[in-house]
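Below is one structure, written out as structure tokens; the observations come after it.
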Amino acid sequence: MSAATTRSRTPDRLCAEAVDLARSAAEEAAAPGVVGEHAGLVSEGDRVVTHFFECKEMGYRGWRWAVTVARASRAKIVTLDEVVLLPGPDALLAPEWVPWSERLRPGDMGPGDLLPTDAEDLRLEPGYTGEDEPLPNSPVSHDMAELVEAEDAEVTGGVPANLPLVPSRGSIAAVAEELGMRRARVLSRYGLHTAADRWEEGFGAKTAMAQAAPAACVSCGFLVPIGGSLGQAFGVCANEFAPADGRMVSLTYGCGGHSEAAVMPKPPRPAPPRLDETRVDPFPLRPAPDSGSVPMGSEDVESEADLGHS
């Protein structure tokens, strides 16, 4: 070990004794009453010492006021270098800063919020490529240019050699527009896998609801199938009483609202009433001739009188 290293680790005596100078400097930089007891010192180099004082400021638990003093060679006067507030070994520190794109969670977006996507987002890929590329049989295409160079030929002037660009009718963009492929980017294979993993975690076979379900969604009548490659493993729940109503669920997911889990029997038909109140009994307005107690041949009975009684 060299003599210079030994001197740098040994605090200078005059600088180490300048505690009052360091305290006054810390109290001048800090608010009144926030500079605590002397918490030690450390040698920063030849005739350079840093004094530490406890910090009593609210919210700065474990922080220390660091006051650095120094002395010139062969000088007897100690001078002040700097005063800073530094965290100690047990200081209360703010958490590490995380970019907003990594802090964002599902449900954080509100009305009017915009969520930009990275131009190189791995979840997306171009919907179609070659928008500015000429057709393979075009005189300005790369294939034709390589063929001309290989055959040591020359493209003579005139039509169509003077065409600067491929006609828009045969461009990839025009074909994509005609086929309805207006999206500049679509889901990539990575984007499909991340979405499938996310849906499987929320409404998949390993959830507690699916473990207790009587059957899987693949046999449920409320499952709405979807197209594409994701339709082989997922569908949309259309049961308004199910916990996953309107959500993308795995075909292996299930709940108690399965359409065939508990089919209710038809209600029993009620027995016919003992008194039929729906049948109408006919009652004649005039009595029958033989319904009275007096015979029809009696002289006391007026044959022509319709009295309605015997």
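The values are calculated or read from the model by the stated rules, or taken from the named source; none is laboratory data. Quick caveat, the model's predicted, so the values are computed rather than measured. Glycine also receives a Cβ, built like all others from the backbone with ideal geometry; neighbour counts cover every protein chain displayed. In case anyone asks, the SASA skips ligands and DNA or RNA and just uses the protein heavy atoms, side chains included. Shrake-Rupley method; radii C 1.70, N 1.55, O 1.52, S 1.80 Å.
Quick notes
- Candidate set: region 31-47, residues that are part of a strand (DSSP E or B) and of a type in the set (Val, Ile, Thr); chosen: the one most open to solvent (accessible area, probe 1.4 Å): Val42
- Candidate set from region 166-222 (those that are among the acidic types (Asp, Glu) and surrounded by 12 or more Cβ atoms within 10 Å (Cβ to Cβ)); member that is modelled with the highest pLDDT: Glu200
- Among (1) in contact with a His (Cβ under 9 Å, 6 or more places away or on another chain); (2) closer than 27 Å to Pro106 by Cα; (3) open to solvent by less than 80 Å² (accessible area, probe 1.4 Å), the one test that Cys237 misses: (1)
- Checking Gly257 against (1) at pLDDT 90 or above; (2) surrounded by 14 or more Cβ atoms within 10 Å (Cβ to Cβ), the condition it does not meet: (1)
- Just one of (1) outside any helix (DSSP H, G or I); (2) surrounded by fewer than 15 Cβ atoms within 10 Å (Cβ to Cβ) fails for Glu28. It is (1).
- Once region 80-94 is narrowed to residues that are surrounded by 12 or more Cβ atoms within 10 Å (Cβ to Cβ) and small (Gly, Ala, Ser), the residue that is farthest from Ser43 (Cα to Cα) is Ala91.
- Flag if Ala18 is in contact (Cβ under 8 Å) with a residue 60 or more places away in the chain, aliphatic (A, V, I, L, M) and within 22 Å of Thr79 (Cα to Cα): yes
- Residue that is least open to solvent (accessible area, probe 1.4 Å) [pool: residues in region 48-79 that are out of contact with any strand residue (DSSP E or B) (no Cβ under 6 Å at 6 or more places or on another chain) and touching a residue at least 24 places away in the same chain (Cβ under 8 Å)]: Gly62
- Test: residue in region 95-117 that is among the acidic types (Asp, Glu), open to solvent by 70 Å² or more (accessible area, probe 1.4 Å), touching a residue at least 24 places away in the same chain (Cβ under 8 Å) and farther than 30 Å from Trp199 by Cβ: no
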